[in-house]
Amino acid sequence: MKWLKLLVFPALLILHGCSSMGISAQPLAELTEKYTDDTSKFLAVDDLVFHYQDEGTGPTLVLLHGVASSLHTWDGWVERLAPHYRIIRIDLPGHGLTGADPTVERYEAAYMVDKLEKFLNKLSIDEIYLAGNSLGGYIAWNYALHRPDRVKKMVLIDSAGFPQDMPFIMSFAAMPVIGGMTSMMMPKFIVNMNIDAAYGDEDKIEDELTQRYFDLTMREGNREALVNVFRTMKEQSSNPHLGDRVKEINTPTLLMWGDQDEWVPLDILAEFDEDLPNSQTIVYEGVGHMPMEELPVQTSRDAHGFFTLGKTIDSPIAAEL
């Protein structure tokens, strides 16, 4: 099946033509105008200028998106949780309007944790609730290991963390020759294939969403950065010791998972659940890799109940949402 996809790839390039081939970078000024609002801010951390959004009032909740995504993946949560939390969501290095770090070729966990630490220190933030999806989940639990004093509670949503097979499209893009091509060209249909694979219900995928994913992939440097992220993830996914330190995490953790996740399957959830000493689990039926996008109402209620009362079911506070 994988080789069939390889054969189909050139044909799709011809079929879709040049208009959506993803060859030319989109100007940062245009993307900034389109994908920021009054809550958007920018903060220099070492060689990067982070794009983040800061809104709401209450205890601080930090949100970390997944691979090839952006802070906009949390729109549904922010809409419902901003009355209860100060929400800070970040475009991670190599993604969104933050863009690539010219000083690195591999976006290792230690690098991401260091950048998050410096970012929070610059904002003088002491204690946080922390939630991360996919790659963001991987960064989140590594950060909780690094700063258990800072992370009060944590939500991991379809998080990477244990050895597994890489999703085909990421493994394909990480190949040496293909990776070089992908750095120069990221056709829109490839971006759409990623989104289709990440959703359990494709009927929930709207044109505005696919256009945003494509546009932000076209930010200068992001295609090269994504290839480097894919290569980093491919190396890590075959490391038999990848999740060895999960057992050391004492932070109260809620595990959210979609039962139709094709990227990080349920057996990875089972490993987290077995190794984490203080965890709860929710599995959402018919949902894929990004439950916070597919089910923003239910997932935000569950997270809110967990943060406030340590409960996710029949919580009167969660029911307020």
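The values are calculated or read from the model by the stated rules, or taken from the named source; none is laboratory data. Just so we're clear, the structure is a prediction, and the values are computed from it rather than from any experiment. Quick reminder, even Gly has a Cβ in these numbers, built from the backbone with ideal geometry, and neighbours come from all protein chains shown.
Would you check if Glu79 is surrounded by fewer than 15 Cβ atoms within 10 Å (Cβ to Cβ), out of contact with any helix residue (DSSP H, G or I) (no Cβ under 9 Å at 6 or more places or on another chain) and of a type in the set (D, E, K, R)? So that I can check it myself, show each step before the final result.
On the way: surrounded by fewer than 15 Cβ atoms within 10 Å (Cβ to Cβ): yes; out of contact with any helix residue (DSSP H, G or I) (no Cβ under 9 Å at 6 or more places or on another chain): no; of a type in the set (D, E, K, R): yes.
Criteria not met by Glu79.
Taking region 230-249, which residues are modelled with pLDDT of 90 or more and either touching a Leu at 6+ places or on another chain (Cβ under 9 Å) or aromatic (Phe, Trp, Tyr) (or both)? Give the steps one after another, and end with the answer.
Within region 230-249, the subset modelled with pLDDT of 90 or more is 239-249.
If the condition is that a residue be modelled with pLDDT of 90 or more and either touching a Leu at 6+ places or on another chain (Cβ under 9 Å) or aromatic (Phe, Trp, Tyr) (or both), then Arg245, Val246, Lys247, Glu248, Ile249 are the ones that fit.
Among (1) without any contact (Cβ under 8 Å) to a residue 60 or more places away in the chain; (2) more than 20 Å from the chain's Cα centre (by Cα), there is one condition Thr281 misses while meeting the rest; what is its number?
The number of the failed condition is (2).
All but one of (1) at pLDDT below 95; (2) touching a helix residue (DSSP H, G or I) at 6+ places or on another chain (Cβ under 8 Å); (3) surrounded by fewer than 17 Cβ atoms within 10 Å (Cβ to Cβ) hold for Pro316; which doesn't?
Result: Pro316 fails condition (2) only.
Which one of Phe307, Phe230 is touching a residue at least 40 places away in the same chain (Cβ under 8 Å), surrounded by 23 or more Cβ atoms within 10 Å (Cβ to Cβ) and over 18 Å from Leu130 (Cα atoms)? First the steps, then the outcome.
Numbers: Phe307 fails: over 18 Å from Leu130 (Cα atoms).
Criteria check complete, one pass: Phe230.
Just one of the numbered conditions (1) in contact with a helix residue (DSSP H, G or I) (Cβ under 8 Å, 6 or more places away or on another chain); (2) closer than 17 Å to Arg301 by Cα is not true of Leu43; which one?
Answer for Leu43: the failing condition is (2).
Could you check region 193-220 and list, in sequence order, the residues that are crowded, with 16+ Cβ neighbours inside 10 Å and not hydrophobic (A, V, I, L, M, F, W, C)?
Answer for region 193-220, where residues must be crowded, with 16+ Cβ neighbours inside 10 Å and not hydrophobic (A, V, I, L, M, F, W, C): Asn194, Tyr199, Gly200, Thr210, Arg212, Tyr213, Asp215, Thr217, Arg219.
Among (1) modelled with pLDDT of 95 or more; (2) buried (at least 20 other Cβ atoms within 10 Å of the Cβ); (3) not in a loop (DSSP other than H, G, I, E, B), there is one condition Ala160 misses while meeting the rest; what is its number?
Tallying (1) modelled with pLDDT of 95 or more; (2) buried (at least 20 other Cβ atoms within 10 Å of the Cβ); (3) not in a loop (DSSP other than H, G, I, E, B), Ala160 fails exactly one: (3).
List every residue pair whose Cβ atoms lie under 6 Å apart, where the two residues are 6 or more positions apart in sequence or sit on different chains, the first residue falls within region 41-70 and is without any contact (Cβ under 8 Å) to a residue 24 or more places away in the chain, and the second residue, located anywhere, is of a type in the set (D, E, K, R) and assigned to a strand (DSSP E or B).
Taking only residues 6 or more apart or on different chains, the pairs are Lys41/Asp54.
Could you figure out which of (1) under 17 Å from Asp158 (Cβ atoms); (2) under 18 Å from the mean Cα position of the chain (by Cα); (3) of a type in the set (A, V, I, L, M, F, W, C) isn't true of Leu242?
Just one mismatch for Leu242, condition (2).
Filter region 163-189 down to the residues that are at pLDDT below 75, assigned to a helix (DSSP H, G or I) and over 20 Å from Asp261 (Cβ atoms) and list them by number.
Selection gives Pro176, Val177, Ile178, Gly179, Gly180, Met181, Thr182, Ser183, Met184, Phe189.
Among the residues of region 43-54, write down those that are in a strand (DSSP E or B), surrounded by fewer than 16 Cβ atoms within 10 Å (Cβ to Cβ) and more than 19 Å from the chain's Cα centre (by Cα).
Answer for region 43-54, where residues must be in a strand (DSSP E or B), surrounded by fewer than 16 Cβ atoms within 10 Å (Cβ to Cβ) and more than 19 Å from the chain's Cα centre (by Cα): just Ala44.
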